[in-house]
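Working notes, structure below.
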Amino acid sequence: MGILLPVLGYCQSVDSSSMRKKFTTTAPLLGGVNVTNIVASIDANGNSLTMQQPIVDLGFPVYKDFSAPHPILIKTGIRYQGLFLSGKQNLGGNAFQSITVPVLLNYSLSRTTSISFVGLATVGSDFKRSIDADDILYTAGVRIGFRPGKSFSYGITLAYISNYSGKFLLPIPDIDWTISNKLSFTGVIPARASLKYRLSEIQSLGITGSLNSSMYRLNEGAKDQYIHLQQNSAGLIYDLKLTKRWKLNLIAGHTFSQKLETFNMDQKVPFDGFAKLNDRVANISYRQNSFIFQGGLSYVF
């Protein structure tokens, strides 16, 4: 879900751009860079464990035609995500990284309806050995988006996900709603949902909830394992528009479910068993909740 979040955010932006395409005189800003760091500190078994997750998202269009009766946009990019652990722990490693390459093709069926095809390939590991085919995680999806009005859009993505824990077919709804001049709601459910109140032209404050999940292959030791981090959190979100293109984002919250666990590679659930993820038997498990802080800086072009 965490990896899909920025890609489905592209889709929401495309809905908005295609709706206005016949009335704009400047090209929409369809590319961007977003640098984020997430920090959480856990007290586990009398020890203090700090997790840092730096994330860098780069997205840019490779083809666009907004002058055709049915506008087309093809967009790609790259995402880097790390998981760095400091403090005493028994997971078998303290540095994990992943690289994701997303591809988005958006086709506008009409002024109010669009269809998008999404594909992602991810390599997540401690990189203590050479990467092979088993280290590549895949996601493919089809999204139908609707914009019945200028202030409201929504969509639904049917996503096929193949990762270390199994293969799944999941529906993922998203919404972008300007409720009033001051209030707005955006969400890719259940990855993130935010309700924001605009304090001024450049500032907004709100509440947000998120689901963060990441997986990395663990090559340390005799066992063939993977590490799985799951964080469900809620808190306050603050946005500051520094300039037309630069934006600062801050989140302070608390997890209400946080799991950092290792599993044998054969710990997979069946295709129709997404709800059975909690039935996996972990080799090592940290389940303590904590405060969580996130800071991000983005630039659009």
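DSSP loop chymotrypsin sites (Phe, Trp or Tyr not before Pro) in segment 22-127 with at most 14 other Cβ atoms within 10 Å of their Cβ, which ones?
23
Can you check what the net charge comes to around residue 32, using other residues whose Cβ is under 11 Å from the Cβ of residue 32 (Lys, Arg +1; Asp, Glu -1)?
+2
May I ask for the distance between the Cα centers of segment 144-223 and segment 25-67, given as a whole number of Å?
Cα centroid to Cα centroid, the span is 13 Å.
Round to the nearest 10 and give me the degree value, 0 to 90, for the angle of helix 4-20's Cα axis relative to the longest principal axis of the chain.
With rounding to tens, the tilt is 0 degrees.
Within the set of other residues whose C-beta is less than 12 Å from the C-beta of residue 197, count the net charge using Lys and Arg as +1 and Asp and Glu as -1.
Details: positive: 182, 196, 198; negative: 239.
So the environment of residue 197 carries a net charge of +2.
Run the quick spin-label model on residue 244 and residue 178: label points 7 Å from Cα toward the beta carbon, then report their separation in nm to one decimal.
Between residue 244 and residue 178, the label points sit 1.8 nm apart.
Which FRET efficiency value, to the nearest 0.05, is calculated for residue 88 and residue 162 with the Förster distance at 30 angstrom and r the Cβ-Cβ distance?
With a Förster radius of 30 Å, E is 0.30.
Would you mind checking the radius of gyration and Dmax of segment 79-158 based on alpha-carbon positions, in Å?
Cα-based Rg and Dmax for segment 79-158 come out at 18.7, 56 Å.
Mind scanning 64/128; 88/196; 75/150; 75/244 and naming the pairs with a C-alpha gap bigger than 31 Å?
Check vs 31 Å cut-off fails for 64/128; 88/196.
Round to the nearest 0.05 the FRET efficiency obtained for residue 254 and residue 113 when R0 = 45 Å and r is the Cβ-Cβ distance.
That pair, residue 254 with residue 113, gives E of 0.70.
When the accessible area of segment 192-301 is split by element with a 1.4 Å probe, what percent falls to carbon and sulfur? Walk me through the intermediate numbers first.
Details: 3490 of 5790 Å².
It is 60 percent, rounded to a whole number.
At a temperature of 25 °C and a viscosity of 0.890 mPa s, determine how fast the chain diffuses translationally according to Stokes-Einstein, using the Kirkwood radius over alpha-carbon pairs as Rh; express D in µm²/s, rounded to the nearest whole number.
121
Give me the base-10 log of I(q)/I(0) for segment 41-120 at each q in 0.19, 0.25, 0.27 Å⁻¹, Debye formula, one uniform scatterer per Cα, rounded to two decimals.
-0.83, -1.10, -1.17
Restrict the search to segment 113-169; then list the trypsin sites (Lys or Arg not before Pro) that DSSP places in a loop and that have at most 10 other Cβ atoms within 10 Å of their Cβ.
Those that pass, being in a loop and sparsely packed, are 150.
In a GNM of the chain with a 10 Å cut-off on Cα contacts, which of 61, 148, 190 has the highest mean-square fluctuation?
Comparing 61, 148, 190 in a Gaussian network model of the chain, the most mobile one is 148.
On average, how much accessible surface per residue is there in the chain, in Å², for a 1.4 Å probe, leaving out ligands, DNA and RNA?
About 48 Å² of surface per residue is accessible.
Hey, which aspartates and glutamates would be in cross-link range of residue 167, C-alpha to C-alpha under 16 Å, not counting anything within fewer than 8 residues on its own chain?
Within the straight-line cut-off, residue 167 pairs with 134, 135, 266, 272, 279.
Could you rank the peptides 168-176, 212-220 by their average count of other C-beta atoms within 10 Å per residue, with the highest value first?
Numbers: 168-176: 16.9, 212-220: 21.4.
Highest-to-lowest ranking by the protection proxy: 212-220, 168-176.
Can you tell me how much longer the chain between residue 202 and residue 72 gets when fully stretched, taken as 0.36 nm per residue apart minus their C-alpha distance, in nm with one decimal?
Result for the pair: 43.7 nm of gain on full extension.
The values are calculated or read from the model by the stated rules, or taken from the named source; none is laboratory data. This structure is a prediction, so every number in the text was calculated from the model and none was measured. Here the Cβ is made from the backbone with ideal geometry for all residues, glycine too, and neighbour counts use every protein chain on show. SASA here: full protein model, heavy atoms, side chains in, ligands and nucleic acids out. Shrake-Rupley method; radii C 1.70, N 1.55, O 1.52, S 1.80 Å.
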